[in-house]
Each structure stands twice: as C-alpha cells, then as structure tokens.
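Here the structure is laid out as structure tokens; the discussion comes afterwards.
The values are calculated or read from the model by the stated rules, or taken from the named source; none is laboratory data. Only a predicted model underlies this, so the values are computations on that prediction, with no experimental measurement involved. Note that we place each Cβ from the backbone using ideal geometry, even for glycine, and neighbour counts take in every protein chain shown.
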Amino acid sequence: MAQNVNNIKDHVDLFHQPEYQELFENKKQFEGMPDAEKVKEVAEWTKTWEYREKNFAREALTINPAKACQPLGSLLAAVGFEGTLPFVHGSQGCVAYFRTHLTRHFKEPVSAVSSSMTENAAVFGGLRNMVDGLANAYALYKPKMIAICTTCMAEVIGDDLGAFVGNARQDGSIPDDFPVPFAHTPSFVGSHITGYDSMMKSILDTLTEGKKAETTNGKINFIPGFETYIGNLRELKKIISAFDLDATILGDHEMYLDSPNLGEFEMYQEGTSLEDAADCINAEATITLQTYTTPKTRKMIETQWKQKTLTYRPWGIKATDEFIMGLSELTGKPIPKEFELARGRAVDAMTDTQAWLHGKKAAVYGDPDLVMGLLQFMLEMGVEPVHVLVHNSTNAFEKEAKELLESSPFGQNATVWGGKDLWHMRSLLFTEPVDFIVGNSYAKYLERDTKTPLIRIGYPIFDRHHLHRYSTMGYEGAINLLNWIANGILESLDRKTDTPAVTDISFDLVR
Ligand code: SF4
C-alpha cells in the first residue's frame, strides 16, 4: 500500500500494516528461519551461565561494541578550534558515519570533508585525492585550519600524511603557512578517544611551533577531553569566571555543538582562537579534565613544552572539592563563596534522595573517564556497582577503577570487565541481575531484553533529546546525575506497581 501524503505513518505504525506483516512472514520462509519454538529455546539458553561461559571465552569477534572508531574522536577535537575544517583521508562512507553519529547525539550539523578514496586510490595510493581534496576544501569552505585524520583504508595501504601534505603545499593546494595538523587514526586499534588524543596533540604541536617564549603568559590551559556534555564546558567556564582566571580552553566546542538558531547557517561556530591556542605553550600549567583521552597530549606538554600538567575528574562531591581546592592552590586565589553554596545544594539534594539509591545494584559501561566519574558519584550515594564494563579499557584504567572500588564498602562486589562488549554485558545482566544499568542509547536493547531499567548517561544518546546540554561534572553536575538516576529508579518503580490489585501494593503519589 502506498503511503497517503495526508496520513504519513511513522515506521512504528507503518510496519504493522498487513502488507508488511506478510512481507516479514515471507522473508522468514525465504531465509529458512527455524520455527518459533526453536528460536525461543535458543534464546532462553543464551540467558544461562553455560552460555555466559561460552560467550566470555570468545576472542576473535566483537558483538555490539561499546566504542566508536578513531577518526570520530579526531573530528570532535578539531571542531573545538576556530574556523577548523576536519578532513578525513579515506572513503566517503566513513566520514558520513562520523558526521551522522555526532549529529544524532548533538542535534547539530557537523561539517567534515573527505578525500573520497575509491578503488583507484586503494591500489595506487591516495596522494592525488589529498592534493585535489585540500585544494577544493581550502577554496570552497575557506577554513582557517584543516585538520586531517585517516580511515582504515588509508592506513591499510600506508599513506604518509606528512609527505602528502608537503606535496599538496608544493602543488599550491594550500598556502605554505596554512596550518594543517594531521593524525594517523587507524581504527583497527584504539577507539574514538585515541583519535581525539592524536588530533589534539597534532593541533597543539602544529600551532605552537616556534612560539615558545622566554617567560610564561600567566595563563592556565584546560583540556576538556572527549566531552559530549556541553553543560560541562559551560560549567568549566563558570568555574574559570568565578576564580577570575586567565585561561584557554583547548578545544572549546560548546558553540559548534550547541549553536543558537539565529536564522543563518554558520559553518564555523567560535571555538578556541588559533592565536590563543598558539600561545598555550607559554601557559603556567595545563589541566586536563579526563585522564584516558589525553595521554599522548599530556606527555608532549610535559616533555617538549616542559609545562606542568594536572588531571582532575570533577564528578561527584569529593572529586569536585579536589578540583576547586587544586585550582585555589595553583592560582593562590581564595575559593569563591558561590562554590560553598553550590556544594551545599548538591549535598542537600543527595541527602534528600540517598534512601532511594543506597544499596541499589548497578551495571555501568562507557568510556573509561565517564565510567570512573560515574563510579565516583555512585559510591558517594551508596550505590553498589556490580558490572563495570569498559570496551576501550587500559591496564591503567582497570587499576584505577579497582582501587576506587576497593576503597569503598559499596564497591566490594564489583567486577571490572575490560575489553568486553555489550553482548558480554547481556550475559552478565541475565546471570547476575542488577537494579539498573547506566549506559548510552545502545543499552535500550539490553533494557528490553533483560528488563533492566536503563539510565541514559554517556555517548551516544540518540533516542532522547537534550540530555547532552546538561552538565555531569561539578556540584551542579552531581545534581543532574542524581536527578537522572533517582528519577529513573522511581519511574521503574511506578511501572512495576501500576496494575491495580496485582502489583499496586505500593503505588504511591509520594516517593
Ligand atoms: S572502522 Fe574504519 S572503515 Fe569503519 S568507519 Fe571507522 S574508519 Fe571507516
């Protein structure tokens, strides 16, 4: 049946129409699908301990990865800088994936170009694509900087970005002094956070070349990391302003990924000025707000720039206290009064709600810094993490997570699962159920399958709107985390008690 333009059905309704139902039935027969009884039997078996053991013995296959690929992180790093156009050397399909992945989360356009490599380039190398692509991108989109990363294809054939950019300059594609940082971002290793780190390092390395001065400029640099909560950038700016700090945020993608609709499309939305970024080599110190998204960048700052670096992850009360006190110590400035009030409000909210979270068992997954931040907060609330899964894990992360969990009475029953995927998480949830899971939108399949209530915190969040506008760090961030987790638990409680005379023993207005 053709769609009626006056009554366009959403796909949810559309696929219930008889012609689609018939089509699905025919498809099953065409594919030789086993009968429904057999499917049910196997599905039940996949919920058992026996299957879990087989699942965890799996080595050469990933099912439902809880990570994205390297170039995606490079794009996020690049768009934090003024007038910067991300340029992906590789196939077009890859860059379409990065753009849509970011756009679906932030609900903002993300402009990135590709060198559009096809079969020819795969055989003969992508030099011509790069030379022409840079010339076109420079002429058409008039960027102030082009940040190049690679896809798997370019890496497999071994294209040399440094040499290619040199050739493009010789050919006149871009001016000699035009900044073109580049990062090799092979996606068969690492993840989006590796790509973020490589691009951030390259941008800072490129812009600061020859800029080292005799004395410092008295400023402090802040690197937010792979930050998908725009509210965190605003929170950081509030803290900088309250302390009256002379600071540079490297890179500041707040406007790019949360731009106001003023009626005209702006391809480049503010971001860290290239001038400020070039001078960051002369700062007093650099503070990173994530640990595992900036190891190479921090190493460069310490060893090449000889600049002090500090890392804080201000999620929850204790870690925010440490950040605020650390800033006071570093700058010699007193702690502004407003933080005392903000802290008091967060502590008050946590006290009001603690009874609903205390002793609740949780599963959590995501990027290493996000998971560490969540653990910091959840342990403060008396939540008991049981399954802690990080696909893009490292030994350092696992050590830090285990130490934190062991230091708390609420962390004693937790297991840290490094390098595991969401199909592993499914087995964990069926065999050792928990009260709720914290994760990104992909966990909605786990929620439906295992009936574990999902609290959406992380990246990407595609199926709920505007959560990324809030903060997760600082005292206000603690209230947001509390709000999401506690109200998620209360909603699930209402759902569980909503059948009159059956489950409504305690269906109550007041919680
Ligand atoms: S994993 Fe490789 S091929 Fe796939 S989208 Fe990422 S860069 Fe492209």
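Assessment of region 273-281 against the conditions (assigned to a loop (DSSP other than H, G, I, E, B), crowded, with 17+ Cβ neighbours inside 10 Å and at pLDDT 95 or above) yields no matching residue.
Let's see how each residue does on (1) outside the structural domain of SER202 (by TED's automatic domain parsing); (2) touching a Leu at 6+ places or on another chain (Cβ under 6 Å):
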residue: LYS47; (1), (2): yes, no
residue: PHE56; (1), (2): yes, no
residue: ILE63; (1), (2): yes, no
residue: LEU75; (1), (2): no, no
residue: GLY80; (1), (2): no, no
residue: VAL110; (1), (2): no, yes
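Contact map, region 181-201: residues that are on the phi < 0 side of the Ramachandran plot paired with residues that are crowded, with 24+ Cβ neighbours inside 10 Å and of a type in the set (Asp, Glu), Cβ distance under 9 Å, separation 6+ or inter-chain. Pairs shown: ALA183/ASP197; SER191/ASP367; HIS192/ASP367; ILE193/ASP367; ILE193/ASP369.
On the given criteria, is THR293 touching a residue at least 12 places away in the same chain (Cβ under 8 Å), of a type in the set (S, T, N, Q), assigned to a loop (DSSP other than H, G, I, E, B) and not assigned by TED's automatic domain parsing to the domain that holds VAL383? In short, yes. Every condition in (1) under 30 Å from GLU338 (Cβ atoms); (2) under 17 Å from the mean Cα position of the chain (by Cα); (3) among the aliphatic types (A, V, I, L, M) holds for ALA443 except the one numbered (1). Region 143-255 holds strands (runs of 3 or more DSSP E) entirely within its bounds, and those carrying 3 or more residues that are more than 29 Å from GLY477 (Cα to Cα) and touching a helix residue (DSSP H, G or I) at 6+ places or on another chain (Cβ under 9 Å) map to 145-150. In region 390-398, is there at least one residue being part of a helix (DSSP H, G or I) and surrounded by 15 or more Cβ atoms within 10 Å (Cβ to Cβ)? Yes: region 390-398 contains one or more residues that are part of a helix (DSSP H, G or I) and surrounded by 15 or more Cβ atoms within 10 Å (Cβ to Cβ).
Within region 415-433, the set of residues being surrounded by 20 or more Cβ atoms within 10 Å (Cβ to Cβ) and of a type in the set (Val, Ile, Thr) comprises just one member, VAL416. Helices (runs of 4 or more DSSP H) fully within region 37-109 that include at least 3 residues being among the hydrophobic types (A, V, I, L, M, F, W, C) and within 11 Å of the ligand (Cβ to nearest atom): 92-106.
Restricting region 162-195 to residues that are of a type in the set (A, V, I, L, M) and surrounded by fewer than 20 Cβ atoms within 10 Å (Cβ to Cβ) leaves a set whose member that is farthest from the ligand (Cβ to nearest atom) is ALA163.
Exactly one residue among VAL434, VAL438 is out of contact with any His (no Cβ under 8 Å at 6 or more places or on another chain) and of a type in the set (A, V, I, L, M), and that residue is VAL438.
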